[in-house]
Amino acid sequence: MSATDQNAAKQVWQAMNTQIESSQDVVGPGWLASDTAARACGTRGVQWVINRYGPGTSAAERAEVLDGLERRWTALGWKPVRSAITGDAPGQRLRYPATRSLDDGFFVEFGTTERGSTLQLRTPCTPGDSAALNAEQYAERHTDTPPDVPGATVSPTTGT
């Protein structure tokens, strides 16, 4: 595939990363990225899983955070469903679609407890070459969220 063939995949990653970073802002600062490398999907397609780990929410603030994310995601055409997180760290989950993923592989999920929050999004399968995108380290160089490396920081202006 030529470099221009990669543009669709890059645009999808950038749009989805922007949505995740805007969703992070609803919760607050302190997020770390642990995104996957580009991976092959479908016939000559590529997708990423965008993983973010952030601050917890108290039981008192959780409803407000979930309401804010639900409004944001609904405005994007995503119809999220809430569910309880049980166990030793109870909390709430917001997910679209409610189970599995859409036919193109897309899903988005937010989970929050007092101990921490997670955001995960799998980008839709889009034409592209995962090996070329990984050689370029496209996603790693284009996130404003610092990577999940102890002590690491990323400049939002340079990406390094």
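Summing Lys and Arg as +1 and Asp and Glu as -1 over all other residues whose Cβ lies under 10 Å from the Cβ of Glu109 gives a net charge of +3. When the surface is traced with a 1.4 Å probe over the full set of protein chains, Leu76 keeps roughly 70 Å² accessible.
Couplings 3J(HN,Hα) for segment 46-54, derived from phi with the Karplus relation 6.51 cos²θ - 1.76 cosθ + 1.60 (θ = phi - 60°), are 9, 7, 10, 10, 9, 10, 9, 10, x Hz, where x marks Gly and Pro.
In order along segment 64-72, the Karplus-derived 3J(HN,Hα) couplings, from 6.51 cos²θ - 1.76 cosθ + 1.60 at θ = phi - 60°, round to 5, 5, 5, 4, x, 5, 4, 4, 4 Hz, and Gly and Pro are given as x.
Between Thr18 and Arg72, full extension at 0.36 nm per residue minus the direct alpha carbon distance yields a gain of 18.2 nm. Accessible surface area normalised per residue over segment 1-79 is 49 Å², counting heavy atoms of protein chains with a 1.4 Å rolling probe. Rounded to a whole number, what % of the accessible area of the chain do carbon and sulfur atoms account for, probe 1.4 Å? It is 51 percent, rounded to a whole number. Couplings 3J(HN,Hα) of segment 73-88, computed from phi: 5, 4, 5, 7, x, 8, 10, x, 10, 8, 8, 7, 9, 10, x, 6 Hz, in residue order, whole Hz [Karplus 6.51 cos²θ - 1.76 cosθ + 1.60, θ = phi - 60°; x for Gly and Pro].
The values are calculated or read from the model by the stated rules, or taken from the named source; none is laboratory data. Fair warning: this is a prediction, and the values are worked out from it, not measured in the lab. Backbone-built Cβ (ideal geometry, glycine too); neighbour counts: all protein chains shown. The protein model used for the area step is the full one, side chains on, heavy atoms only, and it has no ligands, DNA or RNA in it. Shrake-Rupley method; radii C 1.70, N 1.55, O 1.52, S 1.80 Å.
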